[in-house]
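A quick write-up on the structure given underneath.
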Amino acid sequence: MRKTQSILPGFGPALGYTLTYISLVLLIPLAMVFLKTLTMSWETFWRTVTDPRVLASYRLSFLASFLGASINGIFGLLLAWVLVRYRFPGQRIIDALLDLPFAMPTAVAGIALTTLYSTNGWFGRYLENIGIKVAYTPLGVVVALTFIGLPFVVRTIQPVLQDLDKEYEEAAASLGASRWQTFSRVIFPALVPSWLTGFALAFARALGEYGSVVFISGNMPMRTEITPLLIRTKLEQFDYTGATAIALVMMIISFILLLIINLLQNWNRRRMASH
Amino acid sequence: MSIKVEHITKNYGDFQALKDLSLDIPGGELVALLGPSGSGKTTLLRIIAGLEQPDSGRITFHGEDATSQSVGKRQVGFVFQHYALFRNMTVFENVAFGLRVKPRRERLPESVIRAKVHQLLKLVQMEWYADRYPSQLSGGQRQRIALARALAVEPKVLLLDEPFGALDAKVRKELRRWIRQLHDEIHITSIFVTHDQEEALEVADRVVVMNNGRIEQIGTPEEVYEHPANLFVYQFLGDINLFQGRVDGNRIKVGNSEVAFPELAGMAIPDDKTAIAYARPHELEVYGESHGENAIEAEVRHVRVIGPTVRLELRRRDNGGYLDAELSKERFHELKVRVGERVFVELRNLKIFVEDYQI
């Protein structure tokens with residue numbers, strides 16, 4: 001069989017390096033989770049991961065992460081739009097501020113949010129009056145996860161929006177489209193791939209988040225306990241296999257969800273295959 | 001539909017893109033806006049379309065003031081230089097776009113939209129490509145789809161920004177001819193922008209030559225080519241040889257030779273005023289020997305045979321300037337000149353331009 005020649009040199013070394021790197025950084029640590037779990041019997045494993053407290057934490061973690069990522073999906077898009085399309089004083093500062101949730105220790109974010117939203121905090125005080133409790137409720141978890149996921153959608157959409165030629169909008173307008181029609185039929189479809197990426201990143205980040213949530217959630221079992229915290233609790237009780245079992249299930253569900261998002265993107269890309 | 005542009009000015013910061021420009025375009029014509037880059041031709045087109053607002057002045061469509069109308073309301077079809085086809089839509093959906101975004105009351109039933117789009121695709125000879133995406137088409141095909149999309153909303157005016165700019169030479173020529181034919185079929189008032197004089201002269205009913213935010217001349221292709229209003233138009237519409245000279249009564253001194261210009265008589269141009277005489281390469285007459293005082297001695301530097309014509313690059317002996325001459329092949333064989341040999345260029349059929357005077 002003849003070897004197919006690629007125009008780019010170094011396919012062999014590049015692939016070798018990639019595989020080594022992924023193995024060292026990603027696959028081997030993940031495999032350890034897997035191996036550790038294998039030391040359990042099937043019954044104990046099943047009992048551990050279907051414990052009502054664990055199931056409740058899965059529900060809260062995935063639901064709150066999804067909600068947080070969705071909120072960021074909407075407002076991140078809006079923020080990116082404003083930052084790219086308009087010029088206003090203080091723009092640079094706002095642009096730079098956006099990355100802060102990445103840089104801040106998450107515990108600091110958690111404490112700050114808790115102070116704001118607790119019953120006598122600046123926001124919590126007024127929200128309490130209209131019957132909304134944020135701190136120590138699932139809503140508080142959503143708030144924290146929204147906060148830490150903010151930069152993803154903005155940062156993935158920004159460059160694409162910047163490169164989007166004004167001609168497309170002008171073409172739509174000259175054909176009689178309203179502004180909303182231009183946005184929904186022409187601009188948004190062009191942003192969907194990067195928007196999905198941003199959403200997936202924010203979602204994934206929220207799933208793994210621990211530091212900021214533990215302060216605002218109150219960590220009540222069955223109600224405001226997220227899966228990462230539950231894992232940590234198990235570790236503190238030296239139940240290492242129990243912790244890895246819960247982690248494994250979470251990993252598998254996360255992987256499936258991210259894979260679906262990836263497939264969606266691929267399908268979308270193939271549809272408008274750029275030349 | 002006729003278009004009237006009255007006293008339009010447009011500035012971008014310190015740059016004056018259009019300077020008090022007025023233009024009348026009768027209905028049904030195919031008009032070319034011709035000019036070098038930066039002459040304001042695209043700005044003018046975009047102002048007519050409503051994609052840009054003039055700083056002052058008025059645009060009327062068929063007598064109706066359209067200056068403050070938005071682009072969507074003006075009923076213009078605009079074809080962009082880079083087509084701006086929607087990448088996430090098929091060819092069919094691209095063409096149907098303008099019909100689908102109409103308010104519900106005015107929207108045609110789906111079956112009528114389908115029929116109309118197919119009819120348009122047939123008109124632009126792309127009926128087999130309805131399900132393709134723009135990225136799967138060649139440049140020329142994209143241009144046709146962009147045109148079909150613009151025509152779908154039945155515009156009163158069709159505006160095309162450098163419609164052939166991004167295409168290769170052969171496709172350009174085909175598409176040019178095809179657009180001319182299409183215009184003869186549907187007779188919609190059309191304006192296109194180009195910097196290619198050949199394109200403008202070949203396709204348009206009328207040519208508007210622009211320079212520096214102003215109109216230099218308006219006329220049929222023949223008028224602007226044969227009777228250029230000024231030196232700029234003359235220079236822009238083709239290759240040109242310039243002869244710097246000085247006025248001497250009704251004669252012009254060019255180098256050591258003198259040429260009589262009877263039309264200078266009675267104009268009372270002061271002697272020694274700078275004059276520029278000019279001629280196109282095919283208007284120069286080249287001889288092997290001098291016969292007369294109004295010939296310029298030159299040396300042949302290059303000979304290029306292009307099909308039935310021969311181009312000579314000549315270097316003047318008197319001041320070292322270069323001249324281009326174009327001969328027929330027969331004439332070239334009669335002359336029997338080679339590179340490095342001496343020839344004489346007869347100064348005849350010259351046009352003349354003297355600053356501040358209309359000749």
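Just so it is clear, none of the values below were taken in a lab; they were calculated from the coordinates. Please read these numbers as outputs of a predicted model, since none were measured by experiment. Every residue, glycine among them, receives a Cβ derived from its backbone with ideal geometry; neighbour counts consider all protein chains shown.
Details
- Each part reduced to its alpha carbon centroid, the range A:70-148 and the range B:182-208 end up 57 Å apart.
- Axis of helix B:169-186 versus longest Cα principal axis of chain B: the two differ by about 60°, to the nearest ten degrees.
- The range A:45-274: equivalent-ellipsoid semi-axes (sqrt of 5 x gyration tensor eigenvalues, Cα, Å): 36, 23, 14
- The residue among A:Met104, A:Ser61, A:Thr156 whose Cα reaches farthest toward the positive pole of the charge dipole of the range A:45-274, with charges on the beta-carbon of Lys, Arg, Asp and Glu, is A:Ser61.
- DSSP H segments from chain A that extend 18 Å or more along their own axis, Cα-based, with Kyte-Doolittle mean of -0.5 or above: A:52-85, A:138-163, A:188-208, A:240-271
- Spatially, the range B:224-300 and the range B:61-121 are offset by 53 Å when compared through their Cα centroids.
- Dipole in debye (nearest 20) - the range A:45-274, about Cα centre, beta carbon charges: Lys, Arg +1; Asp, Glu -1: 260 debye
- Angle in degrees between helix B:91-100 and the longest Cα principal axis of chain B, rounded to the nearest 10: 70 degrees
- Check: the range B:85-162 dipole with +1 on Lys, Arg Cβ and -1 on Asp, Glu Cβ, in debye: 260 debye
- Cα lying deepest toward the dipole's positive end in the range B:201-294, options B:Ala260, B:Gly249, B:Val203, charges on Cβ: B:Gly249
- Where GluC sites (Glu not before Pro) fall in DSSP loop in the range B:242-290, at most 10 other Cβ within 10 Å: B:Glu289
- Note on B:His195, B:His227: ascending count of other Cβ atoms within 10 Å places them as B:His227, B:His195, the fewest first.
- Where trypsin sites (Lys or Arg not before Pro) fall in DSSP loop in the range A:100-174, at most 16 other Cβ within 10 Å: A:Lys133
- Since only B:His282, B:Leu137, B:Pro163 are under comparison, the one whose Cα sits farthest along the positive direction of the charge dipole of the range B:133-292, derived from C-beta charges on Lys, Arg, Asp and Glu, is B:Leu137.
- Dipole magnitude for the range A:153-275: about 200 debye, using +1 per Lys or Arg Cβ and -1 per Asp or Glu Cβ, origin at the Cα centre.
- Residues with amide H under 5 Å from that of B:Asn211, placed H, sequence gap 5 or more: B:Glu216
- Highest GNM mean-square fluctuation among B:Gly288, B:Gly77, B:Gly38, for chain B modelled with Cα contacts below 10 Å: B:Gly288.
- Euclidean distance of C-alpha centroids, the range A:182-232 and the range B:1-34, integer Å: 54 Å
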